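Right, one structure below, let's go through it.
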Amino acid sequence: MSLDVSPKLLAEAESGDIREEDFVDTVRTSLPYAYDLIASLATELKGGTAEFTDNQTPPPSEQERGQLLRALASDAIRGSLERHFGVELAFQNCHRVAAFRPGARYGETYGRFTSVRSQVLNQSPEFRDC
């Protein structure tokens, strides 16, 4: 299971919409590695002038790698984290997540980062089973 959903949040979802803040809090507590990594990238991005910040360090274990994969594979989780932190996310190679400034999705730098060429250039044999 990706998220540890409280009975209260589940009941709210069953009866209607839930607050996105409550959902993000569930992501934070369920996927702490992914949440903290994206939070740190967003903070670094907002504190500098670079077009994006990215993580190139593999997670310390498969558990943390799984958290990152689950967070970025879910449109709802990924979108909520993007709105919460005010960034646009891009992802490569099981752990290379990047935070871009809002609106970057249609820009040249984001396009380069997410291109098939960049995907091929960022491959390595140790990533085959991640």
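The values are calculated or read from the model by the stated rules, or taken from the named source; none is laboratory data. Remember, it's a predicted structure, so these values are computed and weren't measured experimentally. A quick note on method: Cβ atoms are made from the backbone with ideal geometry, for glycine too, and the neighbour counts reach across all protein chains shown. All accessible areas refer to the heavy atoms of the entire protein, side chains included, with ligands and DNA or RNA removed. Shrake-Rupley method; radii C 1.70, N 1.55, O 1.52, S 1.80 Å.
Between the helical axis of 20-30 and the longest alpha-carbon principal axis of the chain there is an angle of about 70 degrees.
Computed across the range 1-121, the Kirkwood radius stands at 15.1 Å (inverse of mean 1/r, all Cα pairs). In the chain, helical runs assigned H by DSSP with n ≥ 4 each contribute -39500 (n - 2.57); averaged across all residues and rounded to the nearest 500, the mean residue ellipticity at 222 nm is -16000 deg cm²/dmol.
Peptide packing for 78-88, 9-19 was compared via the average number of neighbouring C-beta atoms within 10 Å per residue; ordered from the highest value, the list is 78-88, 9-19.
Compute the acute angle (0 to 90°) between the alpha-carbon long axis of helix 62-73 and the principal axis of greatest extent of the alpha-carbon atoms of the chain; round to the nearest 10°. Once rounded, one gets 80 degrees.
Across 20, 64, 44, the residue with the most accessible area heads the list, and the full order at a 1.4 Å probe is 44, 20, 64.
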